[in-house]
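**Q** Take a look at this one; I'll ask things after.
The values are calculated or read from the model by the stated rules, or taken from the named source; none is laboratory data. The structure displayed is predicted, hence computed values, not measured ones. No Cβ is skipped: glycine too gets one built from the backbone with ideal geometry, and neighbour counts run over all protein chains shown.
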Amino acid sequence: MKSPIPDYLTKVLENARANDDGAPAAYIETLANADTSKMAVALATVDGKVYSAGDDQVEFSIQSISKAFVYALAIEDAGLSRVLEKIGVEPSGDKFNHLSLEKKTNRPMNPMINAGAITAHSLVVGPDATLEERTDRILNALSKLAGRQLHVDEEVYEAELRDADRNMAIGYMLKAAGIISCDPRVVVKGYIRQCAINVTVNDLAIMAATLCNAGVHPVTCERIMPQLSVRQVLSVMTTCGMYDAAGDWVSRVGFPAKSGVAGGIIGALPGQVGIAAFSPKLDERGNSVRGVIMCEQLSNDMGLHMMDVSQLARATVQTHVARIVAGKHEPHHPHCNKDVVVFKMRGAVRFAGSERLTRAIARELGDPDPRDPGSGAHSDACAVVFSFRDAYSLSSIARRIVHEDVNRLLSDGKSVVVIDPSRVLEWDLKTNPKYPVVVENETQALDHIGGAGCKAVSQDDSW
Ligand code: GLU
């Protein structure tokens, strides 16, 4: 069967093509002459599958989209606290190339405006690094993310350098304010080279997918950025990524994003999908007109708004009660005809899911509550089973809560069996002197509870 996703992307593209508003960036000559008929869109999953439509082989300069990744490099090279000393995280509401600094601290407002991005560039490698050293570091890192060797577009670089007065002014302002210590011309030139790196939508989608995948590259499975850096980058993309249209973007489209003046946009919804769109004509805020339309449609059609509830806590826990029927090898097993309570956890279990599990345990195995008919019905169950077979992950708080639940049941003298083939529970004998029986599958759990070959008959027969 042919995947319907490329056909869908073609429709998204054609839908956006109907809008011919906007104009390419005028202040960089090469961009001003861009072929405005070109447009493309791409999606990359967190396991590395890329879907695209339109001019997905056309290269364009990454421009401001580089700011997100170079911010991550600055964090890696200088450390988050040093980066926060030098660059704030507040949306400025000003134009991207505004000459302004935060009152009192003198910091640029955030790393997504030029003042913050030029500062982030200066923190890559170290204060004494040469232009070449920083360019190599950035080019290598971006190439690793894209999965191919990227190059600086020398024509774009030269064109932007010819008219770089404003960015040079920002560089000198930063030096005068004590935010950068190195030669402003070297830093601004390096920053302009970083912006002139060429990419395609396919490159950008896979780069964004690394952000969605908590910093692990979806294709090579290599950890590229620590999880904390990814969180920091996605946070500033959310609040400051779309120039001065951040609020409008978050409410209408609702995924962390960054756009560039060549007409590219990346979006990254954690755990879901990396997105890239390209079309050179920009709106008055500097965002690609058709790119925004494509992102908005993808968000609406695919439910990508980060404020949409993706998994209700109640969907995470299922409770069953089953009666043990002894097998022929052990017909008089002591658990024969006794009840076993089974709790199945599904998906990514976080605080709300584990809290719900705790309540379900208390309801089934605790004392009866007169206000809750049916509660306490299985306090004499012969065993309790937790199945994590369909649980993809446990957050640390969820794991702590489940450990505590299991510990309490063990202390009450219950027999506890955990089905945990992927070891998401990470039972640690150092912190948990008592331990449950951990098995791979349901047959092993049953054999342990009711003897070899026993059966369990549950009301809905799902165990
Ligand atoms: N190189 C561009 C500049 O600094 C990047 C701007 C952008 O993409 O927003 O003006």
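**Q** Could you please let me know if residue 244 is in contact with a Phe, Trp or Tyr (Cβ under 9 Å, 6 or more places away or on another chain), among the acidic types (Asp, Glu) and either modelled with pLDDT of 95 or more or farther than 24 Å from residue 158 by Cβ (or both)?
**A** So residue 244 fits the description; yes.
**Q** Return yes when residue 401 is surrounded by 15 or more Cβ atoms within 10 Å (Cβ to Cβ), farther than 21 Å from residue 317 by Cα and among the aliphatic types (A, V, I, L, M) and no when it is not.
**A** Against the criterion (surrounded by 15 or more Cβ atoms within 10 Å (Cβ to Cβ), farther than 21 Å from residue 317 by Cα and among the aliphatic types (A, V, I, L, M)), residue 401 does not qualify.
**Q** Could you grab me the full set of residues in segment 102-130 that are closer than 18 Å to residue 168 by Cα and surrounded by fewer than 19 Cβ atoms within 10 Å (Cβ to Cβ)?
**A** Residues satisfying the conditions are 106, 127, 130.
**Q** Scan segment 1-19 for residues that are among the hydrophobic types (A, V, I, L, M, F, W, C), assigned to a loop (DSSP other than H, G, I, E, B) and within 17 Å of residue 263 (Cα to Cα) and jot them down.
**A** 18
**Q** Look through segment 113-130, keep the residues that are part of a helix (DSSP H, G or I) and of a type in the set (Gly, Ala, Ser), and return whichever of them is farthest from residue 234 (Cα to Cα).
**A** My answer is 122.
**Q** For a quick check of your reading of the model, give me the residue pairs whose first member lies in segment 1-19 and is within 17 Å of residue 276 (Cβ to Cβ) and in contact (Cβ under 8 Å) with a residue 40 or more places away in the chain, whose second is part of a loop (DSSP other than H, G, I, E, B) and not aliphatic (A, V, I, L, M), with beta-carbon atoms closer than 8 Å and at least 6 apart or on different chains.
**A** If the second residue must be part of a loop (DSSP other than H, G, I, E, B) and not aliphatic (A, V, I, L, M), the pairs left are 16/279.
**Q** Additional query: Conditions first: (1) in contact with an Asp or Glu (Cβ under 6 Å, 6 or more places away or on another chain); (2) at pLDDT below 95; (3) within 16 Å of the ligand (Cβ to nearest atom). Residue 284 passes all but one, so which condition is the exception?
**A** It is condition (1) that residue 284 fails.
**Q** Being part of a loop (DSSP other than H, G, I, E, B) and hydrophobic (A, V, I, L, M, F, W, C) is the filter here; which residues of segment 408-427 pass it? Show your work before the answer.
**A** First pass over segment 408-427, keeping only residues part of a loop (DSSP other than H, G, I, E, B): 412-415, 420-427.
Result: 424, 425, 427.
One line per residue, one yes/no per condition, for (1) outside any strand (DSSP E or B); (2) in contact with a Leu (Cβ under 6 Å, 6 or more places away or on another chain); (3) more than 25 Å from residue 445 (Cα to Cα):
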position	(1), (2), (3)
310	yes, no, yes
318	no, no, no
324	no, no, no
327	yes, no, no
331	yes, no, no
336	yes, no, no
353	yes, no, no
356	yes, no, no
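**Q** Could you give me the residue pairs with C-beta distances under 6 Å whose first residue belongs to segment 143-162 and is surrounded by fewer than 15 Cβ atoms within 10 Å (Cβ to Cβ), whose second residue is hydroxyl-bearing (Ser, Thr, Tyr) wherever it lies, and which are 6+ apart or on separate chains?
**A** Within 6 Å, the pairs are 149/143; 155/30.
**Q** Still on this model: Would you check if there is a residue in segment 76-90 being within 14 Å of the ligand (Cβ to nearest atom) and either surrounded by 24 or more Cβ atoms within 10 Å (Cβ to Cβ) or of a type in the set (Lys, Arg) (or both)?
**A** No; the residues of segment 76-90 include none that is within 14 Å of the ligand (Cβ to nearest atom) and either surrounded by 24 or more Cβ atoms within 10 Å (Cβ to Cβ) or of a type in the set (Lys, Arg) (or both).
**Q** Moving on. Can you tell me how many residues in segment 21-45 are away from the ligand (no atom under 16 Å from the Cβ) and within 32 Å of the chain's Cα centre (by Cα)?
**A** 11
**Q** Give segment 258-290 a look and list any residue that's surrounded by fewer than 24 Cβ atoms within 10 Å (Cβ to Cβ) and in contact with a Cys (Cβ under 9 Å, 6 or more places away or on another chain), or say none.
**A** Within segment 258-290, 270, 271, 272, 273 meet the criteria.
**Q** Another question about this same structure. Among 335, 329, 378, which is the only one that is surrounded by 17 or more Cβ atoms within 10 Å (Cβ to Cβ), farther than 22 Å from residue 422 by Cβ and touching a Gly at 6+ places or on another chain (Cβ under 9 Å)?
**A** Going through 335, 329, 378 in turn, the sole match is 335.
**Q** While we're looking at this one, here's another question. I need the full set of residues from segment 138-157 which are closer than 15 Å to residue 260 by Cβ and part of a loop (DSSP other than H, G, I, E, B), in order please.
**A** The answer is 150, 153.
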